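Before any comments, here is the structure.
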Amino acid sequence: IGRSTAGKTSFETLGGNVQLLTSSERRFTYYDIGLGYNFLPGEVFLGRDTAMNSAFYLVGGIGSTKFAGDQRFTVSFGAGYRVVPRDRFAIHFTVQDRVFESDLLGKNKLTNNLEARLGATVFF
């Protein structure tokens, strides 16, 4: 689940009193359910004495995106890298694309929303 608010376009800023979207239509909300697959599990070595579990992984899913008063079916896919430096702690970096069809300006087009995340996981 994610949420963001879009700002004014350059057309709206330079056009004076032009408003393409209301403030409530500028909210970008998405949710999806996905699956992941550890593509290349292994270890990363730091020097001669330190080895940490790691994995490249693939993610994909389906969901919905709501923007500009429309709610659209969304497909998401991406990849990432995870390192486990301690038994109860992991660091991961993921790049993901959310793709949906939009007709915001009157013409249907495929919209890509790229997302990059840097995160940490604590296991308990």
Mind listing whichever residues of segment 30-52 are acidic (Asp, Glu) and surrounded by 11 or more Cβ atoms within 10 Å (Cβ to Cβ)? Asp32, Glu43
Unmet requirement for Arg27, which otherwise passes all of (1) in contact (Cβ under 8 Å) with a residue 40 or more places away in the chain; (2) exposed (fewer than 12 other Cβ atoms within 10 Å of the Cβ): (2)
Flag for Asp97 being modelled with pLDDT of 95 or more and among the charged types (D, E, K, R): yes
Test for Val122: is it open to solvent by 60 Å² or more (accessible area, probe 1.4 Å), in contact (Cβ under 8 Å) with a residue 24 or more places away in the chain and more than 16 Å from the chain's Cα centre (by Cα): yes
Might you check whether a residue that is under 23 Å from Asp103 (Cβ atoms) and more than 14 Å from the chain's Cα centre (by Cα) occurs anywhere in segment 54-66? yes
Quick test for you: out of Ser76, Ser54, Ser64, pick the one residue that is within 18 Å of Leu104 (Cα to Cα) and either part of a strand (DSSP E or B) or aromatic (Phe, Trp, Tyr) (or both). Ser64
Quick check on segment 90-119: of everything there that is part of a strand (DSSP E or B) and acidic (Asp, Glu), which residue is most open to solvent (accessible area, probe 1.4 Å)? Glu101
Any residue at all in segment 59-80 that's modelled with pLDDT under 90 and surrounded by 15 or more Cβ atoms within 10 Å (Cβ to Cβ)? yes
Determine if segment 6-15 includes at least one residue that is aliphatic (A, V, I, L, M) and within 30 Å of Val122 (Cβ to Cβ). no
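Pull up segment 1-19, narrow it to residues that are aliphatic (A, V, I, L, M) and in contact (Cβ under 8 Å) with a residue 12 or more places away in the chain, then point me to the one that is surrounded by the most Cβ atoms within 10 Å (Cβ to Cβ).
Ala6
The values are calculated or read from the model by the stated rules, or taken from the named source; none is laboratory data. Everything quoted here is computed from the prediction, not taken from an experiment. Note that each Cβ is placed from the backbone with ideal geometry, even for glycine, and that neighbours are counted across all protein chains shown. Ligands, DNA and RNA are excluded from the accessible area calculation, which covers all protein heavy atoms including side chains. Shrake-Rupley method; radii C 1.70, N 1.55, O 1.52, S 1.80 Å.
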